[in-house]
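Below is one structure; the comments refer to it alone.
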Amino acid sequence: MKTVNHWIGGKTVEGTSGNYGPVTDPATGAVTTQVALASLEEVDAAVAAAKDAYATWGTSSLATRTAVLFRYRALLDARRDDIAALITAEHGKVHSDALGEVARGLEIVELACGITTQLKGELSTQVSSRVDVSSIRQSLGVVAGITPFNFPAMVPMWMFPLAIACGNTFVLKPSEKDPSAANLLAELAAEAGLPDGVLNVLHGDKVAVDGLLNHPDVAAVSFVGSTPIARYIHTTASANGKRVQALGGAKNHMLVLPDADLDAAADAAVSAAYGSAGERCMAISAVVAVGAIGDELVARIKERAEKIKIGPGNDPTSEMGPLITAAHRDKVASYVTGAAAQGAEVVLDGTGYTVEGFEDGHWIGLSLLDHVSTDSDAYKDEIFGPVLCVLRTETYEEGVALMNASPFGNGTAIFTRDGGAARRFQLEIEAGMVGVNVPIPVPVGYHSFGGWKDSLFGDHHIYGNDGVHFYTRGKVVTTRWPDPADAPAGVDLGFPRNH
């Protein structure tokens with residue numbers, strides 16, 4: 001059986017802990033690979049490699065770093081299909097969706113290629129007699145990233161390209177459920193000329209995570225995952241004096257006003273709820289229908305959802321693939337089977353779905369729940385599967401109040417033709433990312449991604465300007481050069497003056 005090992009110090013390093021995790025093909029249910037799970041000693045080895053590399057990478061020129069990143073971008077572009085194929089094989093998403101993931105990750109590599117302008121400092125001259133003050137940003141040292149299963153290439157690329165462009169070295173701990181894409185990303189970085197130890201990939205479970213959170217040589221930790229784990233990451237790493245950005249879960253709402261184009265809204269709801277089998281933190285999982293449009297909107301969503309073709313991710317005709325594991329499939333199904341007892345109308349029931357010839361795969365069909373109450377499990381929890389809940393309100397104000405009452409605040413959207421209502425919505429809604437007639441408002445690379453409330457722990461969003469600030473720290477330098485004509489100033493114990 002194939003084994004996925006660590007990438008430490010610029011080479012593949014076989015696991016020594018003796019512990020391995022299974023990697024499954026979600027379309028067949030078969031275990032195809034095993035992944036080495038790191039011990040604390042292997043955590044130490046990865047961090048040590050990154051620390052050794054920082055001694056030279058941290059003082060390397062911007063020109064050196066960007067030259068590597070430009071070559072890296074070209075290699076990633078040339079190997080898009082290979083990366084996407086690994087994602088499909090281990091995550092299950094369809095190939096076109098996997099290609100889209102790689103493209104969105106490439107955006108951040110391209111941002112990192114232009115890091116020279118992002119790292120420019122500031123200078124004020126003559127703030128006092130012959131005194132200049134400059135502000136600069138410098139790297140942190142060794143930083144770590146802990147990434148989720150649903151985007152095994154994109155989310156790592158949201159982290160390490162910016163981190164290393166800023167002069168840091170990186171230890172990546174990807175999900176053990178689909179680890180192979182991370183290794184390929186690291187191998188291509190080495191091929192691009194990235195020095196050994198600047199990017200390391202450490203596979204593992206909670207042992208590896210806790211090892212990084214508690215390691216004295218790790219200066220900062222980036223995380224994307226569920227809210228309970230994000231809270232744990234933030235609490236633990238902060239207690240150890242580390243800088244933390246921990247992006248948590250979501251329950252993203254889409255408010256549909258009576259004046260909306262219902263065909264466009266239905267198209268958007270199906271795309272955003274069921275794409276990638278709903279395994280997206282930016283998926284729309286709750287549609288709030290305002291006024292009398294609810295029945296017609298639900299009918300149009302149902303009509304479209306019933307036409308979605310489910311099948312293996314490597315089948316070009318498939319539009320949605322399986323879920324990542326059988327256990328996750330069963331958990332998602334439980335929300336649908338229990339929905340009616342909690343007051344919902346089950347318009348579409350996707351439980352029990354199978355694909356001919358792939359009966360052991362982790363399949364589930366599309367589910368649509370109407371008249372969902374805010375105290376039901378299907379509404380309160382982040383299901384992370386192809387289940388769309390529809391809630392009804394009479395007014396815009398009721399809809400916004402319902403949405404703002406959610407503990408999550410990741411992404412949200414409004415569908416309307418009314419510019420005034422849209423403007424009001426983007427100011428009044430309590431979420432970090434807002435779409436106006438855009439169902440999945442993932443920002444482009446030069447803006448930052450992140451939510452509010454229980455969807456983010458820490459002060460910095462990911463990538464964009466926030467990403468650069470997270471991976472650097474500021475320093476202010478005050479300089480006076482004496483003029484040959486100056487008389488000695490003498491001793492002055494007073495507070496320094498700027499005049």
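The table below gives the values:
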read-out	value
Top-ranked residue in the stretch 147-199 [being over 15 Å from residue 64 (Cβ atoms) and polar (S, T, N, Q); ranked as surrounded by the fewest Cβ atoms within 10 Å (Cβ to Cβ)]	183
Single unsatisfied condition, residue 111 versus (1) assigned to a strand (DSSP E or B); (2) under 18 Å from residue 467 (Cα atoms); (3) not hydroxyl-bearing (Ser, Thr, Tyr)	(1)
Scan of the stretch 425-450 for residues that are more than 22 Å from residue 100 (Cβ to Cβ) and loosely packed, with under 15 Cβ neighbours inside 10 Å, ordered by number	426, 427, 428
Any chance residue 149 is aromatic (Phe, Trp, Tyr), assigned to a loop (DSSP other than H, G, I, E, B) and modelled with pLDDT of 95 or more	yes
Residues of the stretch 183-215 classified as farther than 23 Å from residue 139 by Cα and without any contact (Cβ under 8 Å) to a residue 40 or more places away in the chain, total	2
Cβ pairs under 9 Å, 6+ apart, first in the stretch 319-335 and without any contact (Cβ under 8 Å) to a residue 24 or more places away in the chain and at negative phi, second surrounded by fewer than 24 Cβ atoms within 10 Å (Cβ to Cβ) and outside any loop (DSSP other than H, G, I, E, B)	334/377
Residue list for the stretch 61-115, filter: open to solvent by less than 50 Å² (accessible area, probe 1.4 Å) and polar (S, T, N, Q)	66, 88
The stretch 152-183, residues that are more than 12 Å from the chain's Cα centre (by Cα), outside any helix (DSSP H, G or I) and over 16 Å from residue 212 (Cα atoms)	166, 167, 177, 178, 179
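Residue-wise test of (1) touching a strand residue (DSSP E or B) at 6+ places or on another chain (Cβ under 6 Å); (2) at pLDDT 95 or above; (3) among the basic types (Lys, Arg); (4) over 29 Å from residue 33 (Cα atoms).
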| residue | (1), (2), (3), (4) |
| --- | --- |
| 73 | no, yes, yes, no |
| 84 | no, yes, no, no |
| 94 | no, yes, no, no |
| 101 | no, yes, no, no |
| 111 | no, yes, no, yes |
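For every residue, the table says whether it meets (1) more than 20 Å from residue 289 (Cβ to Cβ); (2) surrounded by fewer than 18 Cβ atoms within 10 Å (Cβ to Cβ).
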position: 328; (1), (2): yes, no
position: 341; (1), (2): yes, yes
position: 366; (1), (2): no, no
position: 369; (1), (2): no, no
position: 376; (1), (2): no, no
position: 380; (1), (2): no, yes
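The values are calculated or read from the model by the stated rules, or taken from the named source; none is laboratory data. These figures come from a predicted structure and were not determined experimentally. Positions of Cβ are generated from backbone atoms using ideal geometry, with glycine treated the same way; all protein chains shown enter the neighbour counts. All accessible areas refer to the heavy atoms of the entire protein, side chains included, with ligands and DNA or RNA removed. Shrake-Rupley method; radii C 1.70, N 1.55, O 1.52, S 1.80 Å.
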